[in-house]
Amino acid sequence: MSSVPVSFVMDRRLADPSESCLVVFWAAVPHQLVASRATHVHWLHVPFDRFLAWGLPRSLLARVLSGVPVITPPARTDASDPATDLAAGDDELLHIAMLEIQARVRRPAIAAVGDPVHRYSGDDPALRQVVAMAGHIAHHFREPITVADVAAAASVHPTCAMTRFREVVRTTIGDYVRLYRLAEARRLLVTTDLPASQVAAAAGFGSVSRFYRVFTDARGTTPARFRHDRGARTPLDTIEAPGL
């Protein structure tokens, strides 16, 4: 929640919400705040299990779980500030704040709102190149991908690509690819009953052994346990990621 404009690199585009909007995204998908004139930005982490328990419309869940941010319209001027209620330390105010946030998240599913993200067309060459590289990764993380491939998408030398990417996104290209693959694996484990071998292949890990090793190192649990803890065949099992 922000009171003035901020910009995020996310997916293949730049999210650029207006004032007082609520930006909803799955934090498992790589993202980075790259520009902000905000003096007050409130970050709220909703546990994944609680988010799923909200029973949001399938179209909205598909968008969020596929890595596309949802940016709600600005809050009404007469609306209370959930951040104030969350910080009050009162259980009832906390409950009210969460209900208000859930209502704002639900609203785009029935409201006619435009696409809140757009392709970057500004004149900052570094940001333009990083958005192009992030976009290439978002489209191709399921395939074998190299730094040279990512650099070519932005028409820069691989060494320059690695430096620019780390300066803006604050992580390496390799780690960014890994985070995308982990997010896709988690989505498939929660929303389908695909066997581990197919999840590994669909998320771009190449082999089941590598998938288990990377997933366990990152999550502190195995893919099988992660799926079991969230219940096999959740109500989301027919959801497919929308075309990107």
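FYI, it's all coordinate maths here, none of it is from the lab. This one's a predicted model, so the numbers in the text were calculated from it and none came from an experiment. Virtual Cβ from ideal backbone geometry, glycine too; neighbours counted across all protein chains shown.
Between His140 and Leu94, what is the FRET efficiency for a Förster distance of 51 Å, r being their Cβ-Cβ separation, to the nearest 0.05? Calculated value: 0.75. Extension gain for Ala148-Val208 works out to 19.1 nm (0.36 nm per residue, less the C-alpha to C-alpha distance). With the highest mean first, a sort of the peptides 88-96, 152-160, 172-180 on other beta-carbon atoms found within 10 angstrom per residue produces 172-180, 152-160, 88-96. Computed from the C-beta positions of Cys160 and Gln198 and an R0 of 45 Å, the FRET efficiency is 0.75 to the nearest 0.05. Annotation: extensible slack from Ala218 through His42 equals 60.8 nm (criterion: 0.36 nm per residue apart, minus Cα-Cα distance).
In this structure the amide hydrogen of Ile71, modeled in the peptide plane, comes within under 5 Å of the amide hydrogens of Val24, none closer than 5 places in sequence on its chain.
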